[in-house]
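Values in this text are rule-based calculations from the coordinates and carry no lab data. Because the structure is predicted, anything quoted here is derived from the model rather than measured. Glycine gets a Cβ as well: all are built from the backbone with ideal geometry, and neighbour counts include every protein chain shown.
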Amino acid sequence: MKAYLFVFSSLMALGPLFAQDGVSPDRPGFGNGTSIVTGLQLEAGYEYSKVEKTKTNVFGLVTLRIPYKSWIEFRVGGSSFASQSGSGSSVSEFQDLSLGSKLLLLKGSDHFELTNPRVTLIVESTVPTGGNNFGSDQAQPGTSISAGWPLNEKWSANVNLFYLSAYDGSRSNDFSGVVSLGYVLGTRLSTYFETYALYPESGGSRQYIGHGWAYLPNPSLQIDFNGGVGLNGDSPDFFAGLGVACRF
């Protein structure tokens, strides 16, 4: 599996929790938003992370989101190109691509009701197309569920739970979760704060905090950047990324 958990989990929407006519991305951040796209949407980005002396650059992070019905979209995750260096060695190769779908389970309320969140489910799997260091020679299916609440006109809350049937010579059951708060500063600018943790079956849990911003030059285009730090010895010392989302 290697560095796959970072790529498998697409990223949190900073804007409204609900479907909209403009761009509605699942980036930046670790969690997913609860929107279902109403038009063809392309998301892409770059990520840098540093763990002790090991530095990793990931280019691509492409997700093509294809609308089908008001309650379902299909998703294609591109094979990102990763480059890793440290301790006198380096490796560069493509990661696995992924295929999946996102379904609306509960519509939720347009105002805060703790027992009535908007809930979506993502079911997807990698396809063994990447290299030996950043991919797997078997498919890695997984699922995630996202629940979102509008707290008021400015603030929103989002909780994600992830499961991945990882393969790195043998099968393992890996879990992760994230809690996020989003804040809208106006019609074009928004920000978020999140904390999340990864719990691989092999042990060595990792905890993080992250923060990011998103800007809308127009309703169909988002530009974003994010960063954060690890909270324990198995987490990256530092990570940062930037990206774009475009609705066609």
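Observations on the model:
- Distance between the modelled labels on Tyr215 and Thr115, one decimal in nanometres: 4.4 nm (7 Å Cα→Cβ projection).
- Net charge dipole size for the chain [Lys, Arg +1 and Asp, Glu -1 on Cβ; Debye, nearest 20]: 320 debye
- Using a simple spin-label model with pseudo-atoms 7 Å out from Cα toward Cβ, Glu153 and Leu185 lie 1.9 nm apart.
- Once C-alpha pairs closer than 8 Å and six or more residues apart are averaged by separation and normalised to the residue number of the chain, the relative contact order reads 18 percent.
- Between segment 207-244 and segment 78-137, the alpha-carbon centres lie 15 Å apart.
- Listed by Cβ neighbour count within 10 Å, with the fewest neighbours leading, Arg75, Arg27 appear as Arg75, Arg27.
- Residue order, fewest to most surrounding Cβ atoms within 10 angstrom, among Ile145, Ile223: Ile223, Ile145
- From helices alone, the chain scores -500 deg cm²/dmol at 222 nm; the rule is -39500 (n - 2.57) for each run of n ≥ 4 DSSP H residues, then divide by the residue total.
- When you restrict to C-alpha pairs under 8 Å that are six or more residues apart and normalise by the size of segment 66-151, the relative contact order lands at 26 percent.
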